[in-house]
Amino acid sequence: MTDIQEQAQNELKDVDMEADFFSDYDEDMNNVDNEAAKVNTNNSDAAAQQGVELGKYENNPVFLYRMFYSRFFPFKTYFNWLNYDTTPTRNFTHREFSFTLPSDIYIRFKSFPNAEALKKEIERIQPIKIDIGAIYAVKPIDKKAVSEKAFKPLEKELVFDIDMTDYDEVRTCCSGGDVCMLCWEFMTVAIKVIDTSLRDDFGFEQIMWVYSGRRGVHCWVCDQKARKLDNESRKAIVSFLDIIKGGSQIARKVKQPKNLHPSLRRSFKIVDQHFKSLILSDMGILDRAETWNKVLEIIPDTEVREKIESQWLEHPYKSGAEKWSILENAINKAEKKKKFKDEVARDIEFQYCYPRLDAKVSTAINHLLKSPFCVHPKTLRVCVPIKVDECESFNPLTVPNLTTLNQELEEYNRANPEKDRIADYKKTSLRPYIEYFEKFVNDIVLEVTRNKRVPCMDAKEFYELVYGRKRIYTSLQTIGKTKSATASKGRIAAPVTTSPMSWEWIQPAEDSNQKKREWYQLKQKKNGYSALNTMKQNMREMFLPVGYPESVHDCYKKFHIWLFLETYVGSAIGVLCSQAMLASLGLGTLEATGGAVAIQWVLKDGIGEIGKLFFIKRYASSFDSHPKTWKFVCEIFSTVGSFLQLCTSVVTPKLFLPLAAAGNMFELIHESIWIASHMTFTKHFSPNGNIGDIVAKDDAQMSTAHLVGMLTGVGLISVSHSPMFLFGVFAVLSPINIWSTTKMLHAAKFEILNQAKLTLLGREFIDSGVVVEYDKLKDREVGFGEWIKPAYGKNKKGAIAVNIKLGPSAEQAYGVTGEVEGVVQVLKHENYLLNYHKNTMWVMFHQDAGSNDVIRSILHSLKFHDSLSQSNITKESDWNGYIHALEDSLAWTKSNYPKFVAELDQKNWQSDIVYWNDSGMRLAWKDHELAEEGMQITN
């Protein structure tokens, strides 16, 4: 007794199929056995019904399946095939496997992290059938943990199922599940025709044909472009290949034009080669009236049909080929007489020999198909691959089955009693099939490996514009030396480089004649000037608008030169006036004291102005995007400044300057913010462009209010000059001032798009498919509608689970330089780049980007983050999955963006401009061009 037989004898009665194994079975499956806990009993009953005695191991299905899965199933090669790599990727971890157990117990939506886990599970449950499904956005085993919308199939091999039962109306030797070598020639023709078309017409290369185990064949097209086809593309391919149309009630199922498509001309050569031997000889369709009547019904002319049949009846002993010649001659004569114009004889050959496809299997990504190297439960034959160039000699009746494999293994072991390290499959007739499978898979993996490297991005192909100047990331020049070995074809390698995002400024290079500007070259590094260059850049950011001089009018420079001189002279006169006024108040008689007071007064103003300059440098870019917030902040600043100035009345003279300077700085910042925010409000208040009139009327209103306020203040200080009184009045008026500001800001309702509103609108659109109105966002906002409420939790509908940062530099957005290429390769035709880094979605804009691109990028960012979070993908652990999620979210954005913008306009949102904190960073990259999508991009 062998080791495996001893093991079977010990374990056969204890085959453990726990009931909880089926606990994750999907409720919508049919034919589910409610007594899943009794699988072991069912197995024993099934064996008893087949007359199997537990002592006869070679005929016991339980033993045979255990033997096959433990000794013959090629788990490693099987994993490499479905994974398309040697280390686990989402191609395998997100793949659905389905198992069938005895008593028709179906288990769907199983997935495994690696080959070992799959092997362990299959050996444990010993399924009688294995089906392979699609690759999903979420691991199939986690199906119940996500919504139905999130659980969607992403890709799968393009597959075809050709079943012999579909030929029952034309084959005469067998029917139903039976098959013989005569009718197997139908499968040979199908393999030749479909394989040739897939390669020559569609350019597919990685094609494997597999015997179904009983009466048909399956085709697996494994090319990457085939796996990524959507359902509509698959339908188009099937429609191209499938020319037999109509049910059993239709006589003529093929009607092709006289001039065939080149693909069908090529297919007809194959059909014609087999027609006489297969249809006329083996099937004998013209040997008796019962079958030849079906042929005659295809001929459209009654007179021609009767003439052909009469000749066949006159010569009953003629062969099928001779009778076919009679039919062809009669049809040719009729065509010459123009009784009918189509090629009837040719179409008959097509109808009887051309492949008959099961369209449903091919057109749905989520459709299951029987796995190669599983065992057919009725024949116990192994579903082995078929070599296309040897398909004519393939005999389905001699395919290895579990019984013969067991016998062959025992015979080999008896003949070779010494134990060796030869794999068990090499001892049996299964060897050539597994070796062919290994070669097929190794070729796929080798092809993937060869295509992992793509041309490196040169530093000059990716540059950044900062306030109108250009700089390049020099670290990109060394990326090619650190390519990952796990990148796939058409996709950039995983970013394994650890070099920092180093950069240098570039300037136009001129030729020797100083006439022609060439491309950009690196500006020489001069350490002695680094501090000066930094100071120049800081001064530029402080005093010049973003994007100067391109961002301003041509007269900006001349106007502001004169304005600077005017302000300078006016400020000097103001100092003189201050001194004069101090002298008029009695300080002029004490020259030294008056001069000191004047100096203190001027210093107070000067220090405040300097503080205001640095504040403007830091925050001015956000005045347009958050005007309400800054208006509220500036009133707080004004209150603080007034309080500090009041404090000068109760402190020693030494503290006058710091308190007065600080208070004056807050007041000046208040004034600057008020002017900026008021201009933004004025712009929103003038839909007809009458900004000048509105500004003039605003000034009149403010002047009136200022005059009344001054009179009120004079009246109050006339009551008392004491500090206690002044602080008491201040304590009453300050809350009124803040309260009125808050009410004013809440009253200002503009259907403008800032980053917060656009993010919330995009979230709502993704979740519900509609854009909501202004008032429906209130419960999700803070800061007068310019910020997203932090407490708007993850479990609530419309929650924002990612921080989106618009307009950063590439230095901030990318962890390492290798990430740049992968993202650019996917988004090179967009006006923005995305990258999820440090728990933030970074959105960088091309120099040609406009408001529509900002809207589009935020919508894409939200969808991209959804894909990453739902699939639990990180770029560090699954770079291919990260890029795949970026591609899928881009496709979704392209499809849904026009509807999103249309609904924004329908709900009166002003989508022509988006207000966000623009720091002036812009990018440019090689091969950038907007893809044609049937819509106009407005900048």
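The values are calculated or read from the model by the stated rules, or taken from the named source; none is laboratory data. Treat the numbers as computed from the prediction; the structure is a model and nothing was measured. Note that we place each Cβ from the backbone using ideal geometry, even for glycine, and neighbour counts take in every protein chain shown.
Listed values, structure above:
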item: Pairs where the first residue, in the stretch 799-819, is more than 16 Å from Asp918 (Cα to Cα) and surrounded by 22 or more Cβ atoms within 10 Å (Cβ to Cβ) and the second is small (Gly, Ala, Ser) and at pLDDT below 80, C-beta under 8 Å, 6+ apart; result: Thr817/Ser475; Thr817/Ser499; Gly818/Ser484; Gly818/Ala493; Gly818/Ala494
item: Unmet requirement for His865, which otherwise passes all of (1) touching a residue at least 40 places away in the same chain (Cβ under 8 Å); (2) within 12 Å of the chain's Cα centre (by Cα); (3) surrounded by 22 or more Cβ atoms within 10 Å (Cβ to Cβ); result: (3)
item: Complete set of residues in the stretch 286-311 that are β-branched (Val, Ile, Thr) and under 56 Å from the mean Cα position of the chain (by Cα); result: Thr291, Val295, Ile298, Ile299
item: Considering residues of the stretch 718-772 that are assigned to a helix (DSSP H, G or I), within 44 Å of the chain's Cα centre (by Cα) and of a type in the set (S, T, N, Q) only, the residue farthest from Trp892 (Cα to Cα); result: Thr742
item: Boolean, Ile162 is under 21 Å from Ser267 (Cα atoms) and in a helix (DSSP H, G or I); result: no
item: Of residues in the stretch 321-332 being surrounded by fewer than 18 Cβ atoms within 10 Å (Cβ to Cβ) and under 60 Å from the mean Cα position of the chain (by Cα), the one farthest from Ile298 (Cα to Cα); result: Ala321
item: Residue satisfying condition, being out of contact with any strand residue (DSSP E or B) (no Cβ under 7 Å at 6 or more places or on another chain), over 25 Å from Cys174 (Cα atoms), outside the structural domain of Ile348 (by TED's automatic domain parsing) and not aliphatic (A, V, I, L, M), within set Pro300, Pro257; result: Pro257
item: Unique residue being surrounded by 18 or more Cβ atoms within 10 Å (Cβ to Cβ) and closer than 23 Å to Ser197 by Cβ when the list is Gln256, Gln351, Gln273; result: Gln351
item: Helices (runs of 4 or more DSSP H) wholly inside the stretch 18-123 containing at least 1 residues that are modelled with pLDDT of 90 or more and of a type outside the set (D, E, K, R); result: 61-71, 75-83, 90-93
item: Count of the stretch 376-402 residues which are among the hydroxyl-bearing types (Ser, Thr, Tyr) and surrounded by 14 or more Cβ atoms within 10 Å (Cβ to Cβ); result: 1
item: Odd one out for Asp131, checked against (1) touching a residue at least 12 places away in the same chain (Cβ under 8 Å); (2) touching a helix residue (DSSP H, G or I) at 6+ places or on another chain (Cβ under 8 Å); result: (2)
item: Any chance Glu438 is at pLDDT 95 or above and either aliphatic (A, V, I, L, M) or not in a loop (DSSP other than H, G, I, E, B) (or both); result: yes
item: Residues (among the aliphatic types (A, V, I, L, M) and without any contact (Cβ under 8 Å) to a residue 40 or more places away in the chain) located in the stretch 100-126; result: Ala117
item: Lone qualifier among Arg171, Arg199 - being of a type in the set (D, E, K, R), touching a residue at least 40 places away in the same chain (Cβ under 8 Å) and outside the structural domain of Ala885 (by TED's automatic domain parsing); result: Arg171
item: Residue check for Asp142: outside any strand (DSSP E or B) and either within 23 Å of the chain's Cα centre (by Cα) or free of Cβ contacts under 8 Å to residues at least 40 places away in the same chain (or both); result: yes
item: Matching entry among Tyr84, Tyr136 (being among the hydroxyl-bearing types (Ser, Thr, Tyr), in contact (Cβ under 8 Å) with a residue 24 or more places away in the chain and touching a strand residue (DSSP E or B) at 6+ places or on another chain (Cβ under 7 Å)); result: Tyr136
item: Residues that are over 21 Å from Phe75 (Cα atoms) and either outside any helix (DSSP H, G or I) or of a type outside the set (D, E, K, R) (or both), drawn from the stretch 405-419; result: Gln407, Tyr412, Asn413, Ala415, Asn416, Pro417, Glu418, Lys419
item: Subset of the stretch 820-841 [surrounded by fewer than 18 Cβ atoms within 10 Å (Cβ to Cβ) and either touching a helix residue (DSSP H, G or I) at 6+ places or on another chain (Cβ under 6 Å) or not basic (Lys, Arg) (or both)]; result: His829, His837, Asn839, Thr840
item: Tally, over the stretch 382-404, of residues that are over 30 Å from Thr196 (Cα atoms) and assigned to a loop (DSSP other than H, G, I, E, B); result: 0
item: Any hit, the stretch 894-901, residues being surrounded by fewer than 19 Cβ atoms within 10 Å (Cβ to Cβ), in a strand (DSSP E or B) and not assigned by TED's automatic domain parsing to the domain that holds Glu148; result: no
item: Any hit, the stretch 366-381, residues being polar (S, T, N, Q) and assigned to a helix (DSSP H, G or I); result: no
